[in-house]
Each structure stands twice: as C-alpha cells, then as structure tokens.
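Let me begin by presenting the structure, written as structure tokens, before commenting on it.
The values are calculated or read from the model by the stated rules, or taken from the named source; none is laboratory data. Just so you know, these numbers come straight off a predicted model, no measurement behind them. Every residue, glycine among them, receives a Cβ derived from its backbone with ideal geometry; neighbour counts consider all protein chains shown.
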Ligand code: PEP
Ligand code: MG
C-alpha cells in the first residue's frame, strides 16, 4: 500500500502529447501541509491564511504567523508554496476585529481592501511571510484585486516590508514571486495589463462565478444559476490564460473548477499551468490528465467557446468524457 501511494505521488500529470499540468493543493492550516508531498502535491497553490486569524480570539502576531508560514514551507521540501494574504470579510468573519455590518458583504470592505486600509495588520503579515521565505520557495498573492491601483499599492507595501527587514539584517529569499487572484471580472478583463507587472495569476472560480453572473455563492435559492461552465466565465478564464502566455507569466487556478474531472479537458485545452485543489482530488485529476491529448482538448475548447449556455457546455464535456473512457 505504501509503495502504491508512493508510485502515485511520483506520478506527474502529463498528457499523451506532453502537456504538463502542475498539480497543487489548497490548504487552510499548517497541519494539512504535513503529508502533502506523500499525497502527491507538487506545490501548495493556495494557502488560505485567514484560518490562522479566524481560529483564535486575538490577532496572531508576527512571530505566530511566521511559524505557521515556515511550517508549511518546510513541509513542502523545496516545492513552491503560494501564500494568500488575508482574505477576510464576505462570508469569513473575524470576531475580534469588530467589522461593521454591511448590506452587501461580498461587495464590501474585505480582503485586499481591508488590508490596504489597515496597513499595520497587512505589514505584519507581509513581514512574517518574507521571514518565512528564507526556508523555501514562497510566492505571495493578493485576494480580491479589482484593478491595477490596488495591485500596485499592495506591491509597494510588500517592497516596504522587504526593505525594513533588510535594514534589520533579517534573512529572506532573494526572490519571492508576487501575483494576484483573478476572482473579479474587472481583473480578468484587464489581464493583459496585469501580465506586464505580476509574476503570476491564480484564478479563483468560486468568486469569479459569483461576480460574473451575479449569484451569491452561499444562496441555495439561486444556486441553479451558479456554474463555472457559463460561457461568459469561460471567456474570462481564456482571457487570463492567453494574456499570461503572451506576457510570459504562469496561470494557476485555485477555485473548485480545478478539481473537477469534467473540467479537466477544457483546462488542458486552455493551457492552464498550475491546478490547485483539495488534496483529495489530486489523484483523480492526475489520472484524467494522463489520458488526454492536448490537441483534441484544444479542439474541444473551440467547440465549447462557440456555445450559448452552460448546459450545452456541460453536455459537450460529458460526451467528451464518455468517449475518452
Ligand atoms: C475562489 O474564490 O475561487 C477561491 C479559491 O477563494 P475562496 O474560495 O477562499 O474565496
Ligand atoms: Mg475567493
């Protein structure tokens, strides 16, 4: 059994004609990182740091955060880790922060908006991440970016944190990749502009769908309209991957679409570089990708992008899946 697990862990997700998908894991705590390598993760594509903040009664200080980020980084033994800065607000509350109640929390004071407003909080996290970067390969990404101004402001604060640590003589990695989550349509539409400045993108389909089709991701009464196979969502995803390709950058996906076997041929066809998902999904996705041909997936993408509705897309993907197996 141990040997079988290891054989799987060493397996890569490469299509029959040589396209490689990097298979990464989404995690919320350092504990979840402990045996990720044995489970076959090639990277952590999304470390949701908000759980570190939500699981206690007061703000975690720089040292506490540093230790958590370091633990994740060391557990990955040199493989890349994407740490997402605090994504609080919306459906994620922080009791000790006393945030005002809002009519539309998903459109309100949250994530990078909150961090750019409460700079001491943000700087503490950036310093902790930079200190942890001495122990492995860390990338940082900012959530809920809606435009270039926010990205540039966040990046400037990151550089400021780096400069202050350097002045203190603290050890850090020479290079830490900086990227954005693409989970708001405005960011997806401006991907060409972002591609000139960021090191990478990570598409958050969970929120991207919510904001594109105006469907609250928590509201069951409208759940029937919530679908990442909506052609408008697919166009946005394609726009991001194409723009990153042109700019020589890489694109990941950390929303739940990345772990859906039905979506895999589409994502291979679109050329998604890094696929980040719940660890329990990794094995299946690796199996599926290994059996695909990039060229027939590209043809599938062309057919699908010409369709009118999510239902048509879904039917086409099911047909493709049935023929492939
Ligand atoms: C997303 O929005 O797709 C995402 C990965 O982030 P979260 O689910 O934490 O909002
Ligand atoms: Mg999100």
Select from the range 79-104 the residues that are at pLDDT below 90, surrounded by 14 or more Cβ atoms within 10 Å (Cβ to Cβ) and within 15 Å of ligand 2 (Cβ to nearest atom) and list them in ascending order. 89, 90, 92
Just need a number here: residues in the range 269-324 that are part of a helix (DSSP H, G or I) and touching a strand residue (DSSP E or B) at 6+ places or on another chain (Cβ under 7 Å). 6
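Of the residues 138, 145, which is more than 24 Å from residue 233 (Cα to Cα), within 21 Å of the chain's Cα centre (by Cα), at pLDDT 95 or above and not in a helix (DSSP H, G or I)?
138
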Checked against (1) away from ligand 1 (no atom under 14 Å from the Cβ); (2) free of Cβ contacts under 8 Å to residues at least 40 places away in the same chain; (3) at negative phi, residue 233 satisfies every condition except (1)
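Could you look through the range 156-195, keep only residues that are part of a loop (DSSP other than H, G, I, E, B) and within 16 Å of ligand 1 (Cβ to nearest atom), and pick out the one that is surrounded by the most Cβ atoms within 10 Å (Cβ to Cβ)? Steps first, answer last, please.
First, the residues of the range 156-195 that are part of a loop (DSSP other than H, G, I, E, B): 168-176, 183-184, 190.
From the residues that got through so far, the ones that are within 16 Å of ligand 1 (Cβ to nearest atom) too are 183-184.
Working: 183: 26, 184: 22.
Looking at the filtered set, the residue picked out is 183.
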Selection from the range 210-225 of residues assigned to a helix (DSSP H, G or I) and near ligand 2 (Cβ under 10 Å from one of its atoms) yields 210, 211
Looking at the range 22-64, which of the residues that are in a loop (DSSP other than H, G, I, E, B) and crowded, with 18+ Cβ neighbours inside 10 Å is nearest to the chain's Cα centre (by Cα)? 49
